[in-house]
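In what follows, a single structure is set out as structure tokens and then discussed.
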Amino acid sequence: MKSNLKFFKKSKIMPVDKFFYNVLYDKKFGYYASRLPFGKKGDFITSPRLSPLFCEMIAIWIISSWELFGKPKNFNIIELGPGDGSLTKVLLRCFKNFPEFNSIKKVFLYEESSYLKNIQKKNISNKDVHWINNFKLIKKGPVIFFGNEFFDAIPIKQFKKIKNHIFEKNYKLDKNYYIREIFKKTTETNIKAIESYKSLKKLNFIEFPKLGLMELKKIIKKISELTGCILLIDYGYLRPNNQNTLQSVMKHKKNELLKNLGKADVTAHVNFNLLSEYFLKNDLKVKGVITQKQFLENMGILQRAKIVAKKMRFSEQSDLYLRIKRLLSPNSMGNLFKVILAYQFNKDNFIGFE
Ligand SMILES: C[S@@+](CC[C@H](N)C(=O)[O-])C[C@H]1O[C@@H](n2cnc3c(N)ncnc32)[C@H](O)[C@@H]1O
């Protein structure tokens, strides 16, 4: 058996989410267990590495939200799925320009992969940053959770609906070690969950982020306890249309989904209407969904670029604007990436969403 399929040993049939959870996060064989996926030499690039200006916009958004919360003396920010730590690294640099905020903020990182945790520790190297596996340690003050490409990295379930019966997609390893797709009748719990979302009605192919929603449940519990909010930026859509959005990427190119398991990144597009429904069901208020282009422009990224560009040589300026174009262009990340904010607080004038 190929070493990257060894997690299949015990149970030879697995639902899609469990299968890809192992492919990505298995402690020995998973994609995130041993490789750095980001950047030119890796498999894909994300916004924090594309431009520090993206990170600066998040820094300003966080500080402005802290002001909206009334500048509390206890204040926690938690990055979800920090990758190589690029975003928090720039945030910490930006916060130094705001001494009042800088002296009180507590910074936490929530990361699944031990390998990436070590990379983050090296990159950030700051004793005031804490890595956490759950949110129990956070006891006082409002909380801001934020994540870029966090939710898309949590494997989803897939279902087919035939004449009102719902079947779940599973993978099976046959005796020749080929991976076969099989559909099995699903549980009452899954059926109940799926049927409770308006945004999944009338579909005959359904993608359901059960594991992702379990993560959000823990986050919402903390927000409800201490007040606060969650900002998620991810690629996704508003209206599902029976599409299978699972995709695999290797060395910046699309890769066949079941090829190069453990060597390629596998993600799914996020159903933002479903996220919105989930937050509302759990008594949070919601802002958005807006596009990344709208959010970053509302935050003033173009004005900031103008200021930064003044001190640059021509070649650096063109590089800066090429990167910003990629973040904002409707044909690139500008429209495909969306932003959602869910919060529990009595004010709602968060910047970036006006
Ligand atoms: C696509 S990467 C994005 C990294 C980074 N946010 C960026 O924009 O460059 C997804 C990140 O989420 C982490 N992740 C995925 N599922 C997670 C979970 N359930 N809990 C914590 N981190 C998770 C991955 O290990 C990885 O760091």
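Looking at this structure, is Lys222 at pLDDT 95 or above, over 20 Å from the mean Cα position of the chain (by Cα) and of a type in the set (Lys, Arg)? Give the steps one after another, and end with the answer.
Values: at pLDDT 95 or above: yes; over 20 Å from the mean Cα position of the chain (by Cα): no; of a type in the set (Lys, Arg): yes.
For Lys222, the condition - at pLDDT 95 or above, over 20 Å from the mean Cα position of the chain (by Cα) and of a type in the set (Lys, Arg) - is not met.
What is the residue count in segment 13-56 for residues that are part of a helix (DSSP H, G or I) and more than 17 Å from the chain's Cα centre (by Cα)? Working first, answer last.
Start the filter on segment 13-56 by keeping residues that are part of a helix (DSSP H, G or I), which leaves 16-25, 31-33, 47-50, 52-56.
Filter once more, keeping what is more than 17 Å from the chain's Cα centre (by Cα): 16, 18-19, 22-23, 33, 52-53, 56.
Residues flagged as part of a helix (DSSP H, G or I) and more than 17 Å from the chain's Cα centre (by Cα) within segment 13-56 amount to 9.
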- Note on the structure: Over segment 291-324, the set of residues crowded, with 19+ Cβ neighbours inside 10 Å and outside any helix (DSSP H, G or I) is Met299
- Task: Kindly provide the set of residues from segment 73-104 that are over 19 Å from Leu231 (Cα atoms) and of a type in the set (Lys, Arg), ordered by number.
- Result: Lys73, Arg93, Lys96
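Going through Lys222, Lys217, Lys198 one at a time, which residue ends up being surrounded by 15 or more Cβ atoms within 10 Å (Cβ to Cβ) and not β-branched (Val, Ile, Thr)? Give the steps one after another, and end with the answer.
Details: Lys217 fails: surrounded by 15 or more Cβ atoms within 10 Å (Cβ to Cβ); Lys198 fails: surrounded by 15 or more Cβ atoms within 10 Å (Cβ to Cβ).
The unique qualifying residue is Lys222.
Among the residues of segment 256-277, write down those that are within 16 Å of the chain's Cα centre (by Cα) and assigned to a helix (DSSP H, G or I). Break it down stepwise before answering.
Our first condition is that a residue be within 16 Å of the chain's Cα centre (by Cα); within segment 256-277, this holds for 265-276.
Residues satisfying the conditions are Phe272, Asn273, Leu274, Leu275, Ser276.
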- Task: Among what's in segment 325-354 and is basic (Lys, Arg) and assigned to a helix (DSSP H, G or I), pick the residue that is farthest from Asp234 (Cα to Cα).
- Result: Lys325
- Taking segment 34-57, which residues are within 10 Å of the ligand (Cβ to nearest atom), of a type in the set (A, V, I, L, M) and touching a helix residue (DSSP H, G or I) at 6+ places or on another chain (Cβ under 8 Å)? Leu50
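Looking at Asp283, Asp234 in this structure, which one is touching a Ser or Thr at 6+ places or on another chain (Cβ under 8 Å) and either within 15 Å of the ligand (Cβ to nearest atom) or touching a residue at least 40 places away in the same chain (Cβ under 8 Å) (or both)?
Numbers: Asp234 fails: touching a Ser or Thr at 6+ places or on another chain (Cβ under 8 Å).
Going through Asp283, Asp234 in turn, the sole match is Asp283.
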- Query: Among the residues of segment 206-240, which ones are aromatic (Phe, Trp, Tyr) and touching a Lys or Arg at 6+ places or on another chain (Cβ under 6 Å)?
  - Reply: Phe208
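Yes/no per residue for (1) under 22 Å from Phe295 (Cβ atoms); (2) among the hydrophobic types (A, V, I, L, M, F, W, C); (3) modelled with pLDDT of 95 or more:
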residue	(1), (2), (3)
Thr227	no, no, yes
Ser248	no, no, yes
Asn260	no, no, no
Lys263	no, no, no
His269	yes, no, yes
Phe272	yes, yes, yes
Phe279	yes, yes, yes
- Query: Quick one: which of Ile144, Ile132, Ile156 is of a type in the set (A, V, I, L, M), modelled with pLDDT of 95 or more and within 14 Å of Pro15 (Cα to Cα)?
  - Reply: Ile156
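Inside segment 247-262, can you point out the residues that are in contact (Cβ under 8 Å) with a residue 12 or more places away in the chain and within 23 Å of Gly39 (Cβ to Cβ)? Give the derivation first.
Taking segment 247-262 and keeping what is in contact (Cβ under 8 Å) with a residue 12 or more places away in the chain, we get 247-252, 258, 260-262.
Result: Gln247, Ser248, Val249, Met250, Lys251, His252, Asn260, Leu261, Gly262.
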- Matching residues, segment 145-174, being away from the ligand (no atom under 15 Å from the Cβ), among the hydrophobic types (A, V, I, L, M, F, W, C) and within 27 Å of Ser113 (Cα to Cα): Leu173
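Listed here are the residues, each with its yes/no results for (1) among the hydrophobic types (A, V, I, L, M, F, W, C); (2) buried (at least 18 other Cβ atoms within 10 Å of the Cβ); (3) in contact with a Lys or Arg (Cβ under 6 Å, 6 or more places away or on another chain); (4) farther than 30 Å from Asn176 by Cα.
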| residue | (1), (2), (3), (4) |
| --- | --- |
| Leu24 | yes, yes, no, no |
| Phe44 | yes, no, no, yes |
| Lys71 | no, no, no, yes |
| Thr88 | no, yes, no, yes |
| Leu91 | yes, yes, no, yes |
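The values are calculated or read from the model by the stated rules, or taken from the named source; none is laboratory data. Owing to the predicted nature of the structure, the values given are computational and were not obtained by experimental measurement. When we count neighbours, we look across all protein chains shown, and the Cβ atoms used for this are built from the backbone with ideal geometry, even at glycine.
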